[in-house]
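One structure is given here, and the rest of the page talks about it.
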């Protein structure tokens, strides 16, 4: 009997299905830290702690007071600003330490976010583990983080000389920049995810609803800014009924435009600021409902329809949280949840938009350029 040697079986190399999973995991970890920083920042504001540290020391400020003399020196600096002189005169050391630790924790988290971004970025770059052409996007994220640190001090500085609190406009810029950073991280992380084969045509032409999803993301950012104005003016403590405000669904024009020139009312008039935020919430919910209805008619992919519906549900939850926050006269827990959930909505909206525009990369090819 002749013995023939069998040919060795040749197997095709395994396709790299998720080449950048570690990089994406790193970015989402940074995003989680941003979420935490937003939460602590909200608590810092709600406990009136934001002006307790009166100097900006990006490097040495990481070390808190370590002795009784150090604590006394920090309290003495605080005694020089209007907030202490007009509101907290006679504050005890224990009371000062309470607000100091909130502000210190917020600044510490800012430094931690920077460290958690820079060190892995250098490590991934040295190992050539980053997607092609992703470095400009990642450096852009780093630049946004540095800018946010400057904006944070610019905000605090507004309350150190004449005011007893920070400018509501600067607070709005600070919170909105945090939202932009989080949205940008989500977008870049999504661009490093393997694209489903069925979604590859979207790289050339976005799916129906992509423009509306982008507008929804912008609308959410605007609502976050308006919410910051409400928080900066403590407008949520003034009109604590719903659905009426001071007995009216739409307050009289004479009250809405009580200040002159008229445009100042949108940033200075407590009634107008809360009214615009309320109406913005209703408009955003209506827009999301229309988007979800349209997606049910034009979307071929069930996931697109489900994500649009999930946005509506998330917004309904946010409206409910906002109403409870008002009715409880801005209890800290509800106010923090309201701010936190706004950022959750933003991330869901950005991911929905990214999916409709085909963000991601085809395995064994270069990732999609965001």
(request) Hey, can you tell me all the residues within segment 79-120 that are free of Cβ contacts under 8 Å to residues at least 60 places away in the same chain, under 18 Å from residue 157 (Cβ atoms) and surrounded by fewer than 19 Cβ atoms within 10 Å (Cβ to Cβ)? (result) 79, 80, 85
(message) Please go through (1) farther than 13 Å from residue 351 by Cα; (2) part of a helix (DSSP H, G or I); (3) over 12 Å from the mean Cα position of the chain (by Cα); (4) touching a residue at least 40 places away in the same chain (Cβ under 8 Å) for residue 216 and return the number of the only condition it doesn't satisfy.
(response) (1)
(request) Look at segment 184-198 and say how many of its residues are in contact with a helix residue (DSSP H, G or I) (Cβ under 7 Å, 6 or more places away or on another chain) and not in a loop (DSSP other than H, G, I, E, B). (result) 7
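Look through 228, 235 and report the one residue that is at pLDDT 95 or above and either surrounded by 16 or more Cβ atoms within 10 Å (Cβ to Cβ) or more than 24 Å from residue 167 (Cβ to Cβ) (or both). Walk me through how you get there before you give the answer.
Numbers: 235 fails: at pLDDT 95 or above.
Criteria check complete, one pass: 228.
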(request) Only one of these is farther than 25 Å from residue 171 by Cα, in the same structural domain as residue 115 (by TED's automatic domain parsing) and at pLDDT 90 or above: 33, 51, 25. Name it. (result) 25
(request) Using the structure shown, decide if residue 337 is crowded, with 18+ Cβ neighbours inside 10 Å, in a helix (DSSP H, G or I) and either in contact (Cβ under 8 Å) with a residue 24 or more places away in the chain or in contact with a strand residue (DSSP E or B) (Cβ under 6 Å, 6 or more places away or on another chain) (or both). (result) no
(request) Scan segment 305-318 and give yes if some residue there is surrounded by fewer than 16 Cβ atoms within 10 Å (Cβ to Cβ), within 25 Å of residue 245 (Cα to Cα), modelled with pLDDT of 95 or more and in contact with a helix residue (DSSP H, G or I) (Cβ under 8 Å, 6 or more places away or on another chain), otherwise no. (result) yes
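Conditions tested, residue by residue: (1) within 21 Å of the chain's Cα centre (by Cα); (2) farther than 24 Å from residue 112 by Cβ; (3) surrounded by 18 or more Cβ atoms within 10 Å (Cβ to Cβ); (4) in the same structural domain as residue 348 (by TED's automatic domain parsing).
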| site | (1), (2), (3), (4) |
| --- | --- |
| 143 | yes, no, no, no |
| 150 | yes, no, no, no |
| 162 | no, yes, no, no |
| 165 | no, yes, yes, no |
| 169 | yes, yes, no, no |
| 183 | yes, no, yes, no |
(message) Looking at 211, 240, can you tell me which residue is part of a loop (DSSP other than H, G, I, E, B) and under 26 Å from the mean Cα position of the chain (by Cα)?
(response) 240
(message) So residue 249 ticks every box in (1) touching a helix residue (DSSP H, G or I) at 6+ places or on another chain (Cβ under 9 Å); (2) without any contact (Cβ under 8 Å) to a residue 60 or more places away in the chain; (3) surrounded by fewer than 13 Cβ atoms within 10 Å (Cβ to Cβ) but one. Which box is left unticked?
(response) (1)
(request) Please enumerate the residues belonging to segment 128-171 that are part of a loop (DSSP other than H, G, I, E, B), over 26 Å from residue 56 (Cα atoms) and without any contact (Cβ under 8 Å) to a residue 60 or more places away in the chain. (result) 128
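The values are calculated or read from the model by the stated rules, or taken from the named source; none is laboratory data. Keep in mind that this is a model prediction, so the values were computed, not measured. Glycine also receives a Cβ, built like all others from the backbone with ideal geometry; neighbour counts cover every protein chain displayed.
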